[in-house]
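Remarks on the structure that follows.
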Amino acid sequence: MYRYLPIRRINAREVLDSRGNPTVEVEVTVGEGIMGLNGYTGRAMVPSGASTGKFEAVELRDREKAYQGQGVRRAVENVNQTLADAVVGENALNQIYIDRLLAEADGTANKENLGANALLGVSLAVARAAAKALRLPLWQYLGGCHARRLPVPMMNILNGGKHADNTVDFQEFMIMPTGAPCFREGLRMCAEIYHSLKGILKEKGLSTAVGDEGGFAPDIRDTREALELILQAVEQSGYRPGQEIGIAMDAAASELYHPQKNVYSFPGESRMAGSKIQRDTREMVEYYRDLIRDFPIVSIEDGLQEDDWEGWKSMTAELGEKIQLVGDDLFVTNVRRLRCGIDLSVANAILVKVNQIGTLSEAMEAVETAHRAGYRAVISHRSGETEDSFISDLAVAVGAGQIKAGAPCRSDRNAKYNQLLRAEEYLGAAAVYENPFFSRKSPESLR
């Protein structure tokens, strides 16, 4: 067994993500021999978000003519030069130390110097190379011999907001197979509902084009119509809403917020209604309360904007015992912001996106901090994804119990689900799959 596994070589390149934008891919070779010729190579690709929180770690872009300013050649050079110099020769088995060296090489709190995309590519590739060298599945290398919990999919089937060019104001409408007996069956249930929804949209003459994450993106009246369509698809597929299938939403409220007016504007709903629709913080909470009463909603992400700590505190006090309230833009996978939220009793779950913080160790620390405080953690993809399935292994490794990986559409999304199928098969009878909301109060208590 290795005790010291030297990093021998690092190489980065510019590749394309699911939206056709450049992103960073890093290969790290570990082991013996000159330049690691007899070693093991791990590869990682870095995702990118469209709807981003302003407190996220900085993604370095070239801002030059190539790729309309979206190139990542500078980030690639930073990997091949500065970051390689920082970690080549170091022990790949010491992930926390490697990530600390990466952060020190950047020298800024938000990774703006070398780029969080540069640091993250190296961080993830080191972990994958080490797992290969030890001949362990990545999830087992990261989580140890007790890692066995498969996440419940939080599957996007209807897109809006910045992820689609339609009239739907909220960003994501998702289904969760909370009543499935195992991950494999839960995935099947979701795929069946997805296809049922497509048929329903076709029958109604609505678009079946998809958004960035594979969910359908029709022009519809408002949030209630979106939820009604989803319930129809669930029932048409033979499942019971609220028992076998729960609904989750990502409001992405920061994208709707107007700071000058201190209101949330709903442009799509306004357009369909023929009049301006705006809601203040109190009205937003009441809006969610009514939706929870009428639909089997188990989780709302980013229900209010990222700076409204008082509003979040009020929303959590009113709704937090009834549903999961997930902080994405609010926490941005940042332990300091999460601890602030915990101290203020704000939200009850964190969305974890590895590229929001820039290193694997910091993302895992965020999950650990959440779990210790009784908060849930949801491992998440980004709207600009790749075929890399790292987040699937991470979800099993940390026992998150929930994962957002998009619709069962496009290989960049299905790669994550397929990796989880492999993990479940590997674990066999030891695999655990359970409803993360078993203690959730019924919406009946809202009436």
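The values are calculated or read from the model by the stated rules, or taken from the named source; none is laboratory data. Everything quoted here is computed from the prediction, not taken from an experiment. Cβ atoms come from the backbone with ideal geometry, glycine included; neighbour counts cover every protein chain shown. Note: areas computed on protein heavy atoms with side chains; ligands, DNA, RNA excluded. Shrake-Rupley method; radii C 1.70, N 1.55, O 1.52, S 1.80 Å.
In the stretch 113-233, taking the dipole from charged Cβ atoms about the Cα centre, the farthest positive-side position among 168, 136, 153 is held by 136. The spacing between the stretch 118-143 and the stretch 195-210, judged by their C-alpha centroids, is 40 Å. For the stretch 282-370, the C-alpha radius of gyration sits at 1.08 times the compact-globule guess of 2.2 N^0.38 Å, with N the residue count. Not counting ligands, DNA or RNA, and with a 1.4 Å probe, what is residue 228's accessible surface area in Å² rounded to the nearest 10? For residue 228, solvent-accessible area is about 90 Å².
Over all Cα atoms in the chain, the spread is summed up by Rg and Dmax: 21.5, 70 Å.
Close amide H pairs (under 5 Å, H built 1.01 Å from N) link residue 16 with 23, residues at least 5 positions away or on another chain. Taking the alpha-carbon distance from residue 313 and a cut-off under 13 Å, which aspartates and glutamates remain once sequence neighbours fewer than 8 residues away in the same chain are dropped? Hits, sequence-local ones excluded: 302, 321, 343. Compared with the rule-of-thumb size 2.2 N^0.38 Å for a compact globular protein, the stretch 114-167 has a Cα radius of gyration ratio of 1.71. Ordered from highest to lowest accessible area with the whole protein assembly present and a 1.4 Å probe, 306, 434 read as 434, 306.
Would you work out what percent of the accessible area of the stretch 219-280, with all protein chains in place, is carbon or sulfur (probe 1.4 Å)? Answer for the stretch 219-280: carbon and sulfur cover 43 percent of the accessible area.
Here is how the number arises for the chain: DSSP H runs of 4 or more residues each give -39500 (n - 2.57), the sum is divided by the residue count, and the result at 222 nm is -11500 deg cm²/dmol.
Volume per residue of the convex hull around the Cα atoms, evaluated for the stretch 155-312, comes out as 111 Å³. Annotation: peptides 326-334, 295-303, ranked by per-residue average of other Cβ atoms within 10 Å with the highest first, follow the order 326-334, 295-303. Determine, from the Cβ-Cβ distance of residue 109 and residue 232 and an R0 of 60 Å, the FRET efficiency 1/(1 + (r/R0)^6), rounded to the nearest 0.05. Plugging the Cβ-Cβ distance into 1/(1 + (r/R0)^6) gives 0.80. In the assembled protein chains, residue 43 presents an accessible area of approximately 120 Å² (probe radius 1.4 Å). If a spin label sat at a point 7 angstrom from the Cα of residue 207 along the line to its beta carbon, the backbone N atoms of the stretch 219-248 nearer than 16 Å would be those of 219-222, 226.
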